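First comes the structure, then the notes that go with it.
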Amino acid sequence: MPTHAVLVHGYSETSLSAYADFPIVLKDVAPELSDLVMCAFDSLDDAVTIDDLAGALETRMRDVERRRGWDTTKSVFICHSTGALIVRRWLLNRAASGDQIPSHLITMAGANHGSTLAQIGKTPLGYAHQFFHKNTLGVGAGILTDLDYGSSFLLRLNREWLAMRNGDPGRGVDASDALASLYVFSMGGDYNGSKEEPAVDLLWASAESGSDNTVRISGANLNYTYLLGDVAAKSLRALPSKPQAHLVIPGKSHYGRQTGILASNTAPTNVPMLAIREALDIDAPDKYLALVTKWTDSSHTWSRNNHDDTNSTIVFYLRDQNGVSINDCYIGFLDSSVPGLDATRPEAKKGPLVAALASVSGAMNNRQPIHNDTQLGSYSFYVKTERFNAIQRHVITISTTTSSDLVTCGPLSFTVDHDTVERMIFPNQFTYVEIVLPRVAEKAFAVYDATPWPPDAALWLPFPQRGRFAPP
């Protein structure tokens, strides 16, 4: 059981008052936490990244361990929003180097998979907001780039996280001595806080269903799926994962003194504080599994009563076998039960294709997909879980375009059956789909019989047919 705690705030905070009464209430909830440290960091400098802050956290933690004689294995890290990403990156770095890690991690509305607001934050509107409200010229462009759905940072972090927690046979990673023993808890609110801050209803990104105005419920959840595409088999393989303790907390928004999941806690009886108490009491794997079941049942009850807010996010990351990201493509979800559908053929009949697309379109939330303009090849979809899963089997079709007639990638199609382990989505969760597409450039290369030399050999383009070896 932890005896000391580290609190880590989120993006754009410029004052320790962002923690509000939380540290005081935490001491009432958990008097055994005899030593408590609050972190402060600058997230609005445009050059700073989350990797930078994770490295800086390591420096500060070394100092705390030395000065206070801390045993970090007896600590809990409680993080809000972007703080969750900083600490998770720090944990991965520590685990990889074999150093001490905390016993508990609690994320409160953690931006564990990014935020819809990340792109807006880098626009002139974002700069104006930070200038007038935070009195700064920067918006933290580097951190906002990391927070964008499907960023290189989030792809790397969340794949490594599963490997360090559960192992990754595909990479030969053994997680038994890394993060497997860490007790992990995540929670997120379902309210956008518009009564406290009416402006959140003015932006579609802060008024999404199933969001706390900054982080989607699925984005806070540390239960997620990472699928790897097998192009040859036209199938998807899920990386190993285990259930994690996640709780949906009704009526809580991302920030604010009245409804914010962190700052609004003024008494030990507040629901987030009760959840923290439950998390701190976990000191054995069987107790953790029991709490996973309890919180999962609670979140499932919430979903049954909140169908419109029960959504899932799917992030595709596409690249070719040379590691080059696919910058221009079409990703379609089709209902495989439509008669006459054959999505594997370029000349497939248009009628069945349109019907298969239309069948799934009702499951898509507005403004989808979101294209990550920095991490090319990343495309995210926000879908209505119940409607999406009402279709038993989906065909995912991917078509790419290039600037040359000589190079192609795809088209490809994958069939995803909900009865398999590699089902596409789960309620209020993220799914990553990483696919390496074959890059075909045979048209750019020809081989000729040198005897006799083709009479039109001087004409290289287009390649003359006479004397040319026929393809196998």
Give me the residue from segment 163-193 that is touching a Phe, Trp or Tyr at 6+ places or on another chain (Cβ under 9 Å) and assigned to a loop (DSSP other than H, G, I, E, B) and, out of that set, modelled with the lowest pLDDT.
LEU179
Selection count where residues are in contact with a Lys or Arg (Cβ under 8 Å, 6 or more places away or on another chain) and either of a type in the set (A, V, I, L, M, F, W, C) or under 14 Å from PHE22 (Cα atoms) (or both), scope segment 236-267
7
Residue under evaluation SER359, criteria (1) of a type in the set (S, T, N, Q); (2) part of a helix (DSSP H, G or I); (3) touching a residue at least 60 places away in the same chain (Cβ under 8 Å), criterion not met
(3)
SER298 - would you say it is farther than 22 Å from LEU236 by Cβ, in contact with a strand residue (DSSP E or B) (Cβ under 7 Å, 6 or more places away or on another chain), outside the structural domain of PRO369 (by TED's automatic domain parsing) and not aliphatic (A, V, I, L, M)?
yes
If we keep only residues of segment 384-434 that are under 16 Å from LEU228 (Cα atoms) and surrounded by fewer than 15 Cβ atoms within 10 Å (Cβ to Cβ), then the residue modelled with the lowest pLDDT is VAL421
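In this structure, does PHE469 turn out to be surrounded by fewer than 13 Cβ atoms within 10 Å (Cβ to Cβ) and modelled with pLDDT under 85?
Values: surrounded by fewer than 13 Cβ atoms within 10 Å (Cβ to Cβ): yes; modelled with pLDDT under 85: yes.
Answer is yes for this residue.
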When both residues are 6+ apart or on different chains and their Cβ atoms are under 6 Å apart, which pairs have a first residue that lies in segment 193-204 and is in the same structural domain as ILE120 (by TED's automatic domain parsing) and over 18 Å from LEU262 (Cβ atoms), and a second that is among the hydrophobic types (A, V, I, L, M, F, W, C) and part of a loop (DSSP other than H, G, I, E, B)?
ASP201/ALA207
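Which of the residues spanning segment 8-49 are in contact with a Lys or Arg (Cβ under 8 Å, 6 or more places away or on another chain), within 21 Å of VAL64 (Cβ to Cβ) and not in a loop (DSSP other than H, G, I, E, B)? It would help to see each step written out before you state the result.
First, pick out the residues of segment 8-49 that are in contact with a Lys or Arg (Cβ under 8 Å, 6 or more places away or on another chain): 12, 14, 20, 29-30, 33, 35-36, 39, 44.
Narrowing the set further to residues that are within 21 Å of VAL64 (Cβ to Cβ) leaves 30, 33, 35-36, 39.
Those that are in contact with a Lys or Arg (Cβ under 8 Å, 6 or more places away or on another chain), within 21 Å of VAL64 (Cβ to Cβ) and not in a loop (DSSP other than H, G, I, E, B): ASP35, LEU36.
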Out of all the residues in segment 233-245, is one or more surrounded by 22 or more Cβ atoms within 10 Å (Cβ to Cβ), closer than 25 Å to SER378 by Cβ, at pLDDT 90 or above and not assigned by TED's automatic domain parsing to the domain that holds SER413?
no
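The values are calculated or read from the model by the stated rules, or taken from the named source; none is laboratory data. Remember, predicted model here, so these are calculated numbers, not experimental data. Using ideal geometry, Cβ is built from the backbone for each residue, glycine included, and neighbour counts are taken over all protein chains shown.
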